[in-house]
Amino acid sequence: MQKILFTNEVRQAITSLIEEMRPASVHIVTDSNVARAVLPLLSLPYPVITVMPGDEHKDLSSLSLIWDGLIKGGATRRSVVINIGGGVVTDMGGFAAATFKRGLRFINVPTTLLSAVDAAVGGKTGINFGGLKNEVGAFAPADAVIISTVLFSTLPSVELLSGYAEMLKHGYLSSEETCRRLLNYNILDSRPDTLLPLLEESVRVKERIVVEDPCEKGLRRALNLGHTAGHAFESLALRCHKPVPHGHAVAWGMLVEMILSHMTEGYPSRELHILAGYLKDNGYGTPAFSCDDYPALIEFMRHDKKNDTPGEINFTLLSRPGLPLIDRTASDADIRTALDIFRDMTS
């Protein structure tokens, strides 16, 4: 089972883990922003492989750079990789570790709220390919994840909002009470000591689901709430060379999928308005698209890796907060209607 440590003593936690693992060598994977802003605070005595920041660099070229760094650093099958960074680094560094010499052990140290609550936990790794999000990857859990809210102190508001969207998603999968507590918490005025227990609660929601369904054969699909539509918004933005934060896209995707839930599963309309109002009032903005983009968005959804049957688009929907419905499909006509309603609610 993946070890998850919630602590603000990050360097001490890393040192203790390395002593336990007794690797042949240790190699840090990070991006240039984290190398400049975070690594000096940790003072770790290990060689560093640095990639370019941003989702547009979560690609085969950066993956090859990591593999090359491991070769030059003399990594063996007994080595350990420490991925320190956001979701791009933990996804890509985890995939590099999982495939190098058929698999190295690795530790994730998320430096963004988004990666702490989502990418760093649960064992999904991968890269973007062919203009599609996370098209190539593997299930490969980190040996340990160290989650610390003190590493978020330098994050801009856009990054905090991005991560908080995934926490909201876990809230909607958990209960109405959890949703209300999260909707009433001001993430832009948070403190490490008050955020850490909320974050732990959120991560434990994902952990419980992943333990029951590690390879996404059933229940784990609930964690895809907001992601079918959200990944389509991300892919459209990448095609237009105007990338958007993952969490913002997931927030928009949740609203689209809640609209579908209302249309097909009786999800309460008041919940739609609560979420739409929250997104408007808290700086999530709206995706730049028009009805002319509907065919492209639907095509991106059709390419989503969660689809099991050719031609069908698979969604996670809700009957109410705390009651997810997996493996639901929607027609192109219903998706177009949901996108129309989404544009009306967020304009």
* To do: Determine whether region 74-86 contains at least one residue that is assigned to a helix (DSSP H, G or I), open to solvent by less than 50 Å² (accessible area, probe 1.4 Å) and out of contact with any Ser or Thr (no Cβ under 6 Å at 6 or more places or on another chain).
  => no
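Which is over 25 Å from M258 (Cβ atoms) and out of contact with any Gly (no Cβ under 7 Å at 6 or more places or on another chain), of V136, V150? I'd like the intermediate steps shown before the answer.
Working: V136 fails: out of contact with any Gly (no Cβ under 7 Å at 6 or more places or on another chain).
Only one candidate qualifies: V150.
Identify, from the list D118, D55, the residue that is in contact with a helix residue (DSSP H, G or I) (Cβ under 7 Å, 6 or more places away or on another chain), at pLDDT below 95, surrounded by fewer than 23 Cβ atoms within 10 Å (Cβ to Cβ) and closer than 27 Å to L238 by Cα.
Numbers: D118 fails: surrounded by fewer than 23 Cβ atoms within 10 Å (Cβ to Cβ).
After applying the criteria, what remains is D55.
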* Which of the residues that make up region 229-270 are at pLDDT below 95, of a type in the set (A, V, I, L, M, F, W, C) and open to solvent by 40 Å² or more (accessible area, probe 1.4 Å)? -> L238, C240, V244
* Which ones in region 181-224 are at pLDDT below 85 and assigned to a loop (DSSP other than H, G, I, E, B)? -> D213, P214, C215, E216, K217, G218
* Asked: If you take the residues of region 287-319 that are over 21 Å from E135 (Cβ atoms) and either touching a strand residue (DSSP E or B) at 6+ places or on another chain (Cβ under 7 Å) or in a helix (DSSP H, G or I) (or both), which of them is most open to solvent (accessible area, probe 1.4 Å)?
  -> D292
* **Verdict on T316 being polar (S, T, N, Q) and in contact with a Pro (Cβ under 8 Å, 6 or more places away or on another chain)** => yes
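Sort through S235, S148 and tell me the only one that's under 18 Å from the mean Cα position of the chain (by Cα) and under 20 Å from G137 (Cα atoms).
Numbers: S148 fails: under 20 Å from G137 (Cα atoms).
Step by step, each of S235, S148 is checked, and only S235 is under 18 Å from the mean Cα position of the chain (by Cα) and under 20 Å from G137 (Cα atoms).
Please specify each residue of region 17-37 satisfying the condition of being closer than 24 Å to S64 by Cα and open to solvent by 10 Å² or more (accessible area, probe 1.4 Å). Full working, then the answer.
Step one: filter region 17-37 for residues closer than 24 Å to S64 by Cα, giving 23-36.
Within region 17-37, P23, A24, S25, V26, D31, S32, N33, V34, A35, R36 qualify.
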* Asked: Taking the condition touching a strand residue (DSSP E or B) at 6+ places or on another chain (Cβ under 8 Å), assigned to a strand (DSSP E or B) and not hydroxyl-bearing (S, T, Y), does I18 pass?
  -> no
* To do: Hey, can you tell me all the residues within region 38-51 that are under 19 Å from T154 (Cβ atoms) and assigned to a loop (DSSP other than H, G, I, E, B)?
  => V38, S43, L44
* Structure fact -> Taking first residues from region 284-304 that are in contact (Cβ under 8 Å) with a residue 60 or more places away in the chain and under 17 Å from M254 (Cα atoms) and second residues anywhere that are surrounded by 15 or more Cβ atoms within 10 Å (Cβ to Cβ) and β-branched (V, I, T), the pairs with Cβ under 6 Å that are 6 or more apart or on different chains are T286/T346; I298/I335; M301/T228; M301/I313; D304/T228
* To do: Find the residue count for region 90-131, including only residues that are of a type in the set (D, E, K, R), more than 17 Å from D55 (Cβ to Cβ) and in a strand (DSSP E or B).
  => 1
* Residues in region 137-184 that are without any contact (Cβ under 8 Å) to a residue 60 or more places away in the chain and under 15 Å from A116 (Cα atoms): how many? -> 6
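Scan region 90-104 and give yes if some residue there is aromatic (F, W, Y), at negative phi and in contact with a Gly (Cβ under 7 Å, 6 or more places away or on another chain), otherwise no. Lay out the reasoning, then the answer.
Kept after step one, since they are aromatic (F, W, Y), are these residues of region 90-104: 95, 100.
Next cut, at negative phi only: 95, 100.
Filter once more, keeping what is in contact with a Gly (Cβ under 7 Å, 6 or more places away or on another chain): 95.
There is at least one residue in region 90-104 that is aromatic (F, W, Y), at negative phi and in contact with a Gly (Cβ under 7 Å, 6 or more places away or on another chain).
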* Asked: When only residues in region 195-215 that are open to solvent by 30 Å² or more (accessible area, probe 1.4 Å) and without any contact (Cβ under 8 Å) to a residue 60 or more places away in the chain count, which is nearest to D308 (Cα to Cα)?
  -> E212
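The values are calculated or read from the model by the stated rules, or taken from the named source; none is laboratory data. A quick note: this is a predicted structure, and the numbers were derived from the prediction, not measured. Positions of Cβ are generated from backbone atoms using ideal geometry, with glycine treated the same way; all protein chains shown enter the neighbour counts. Accessible surface is based on the protein model in full, side chains and every heavy atom, while ligands, DNA and RNA are left aside. Shrake-Rupley method; radii C 1.70, N 1.55, O 1.52, S 1.80 Å.
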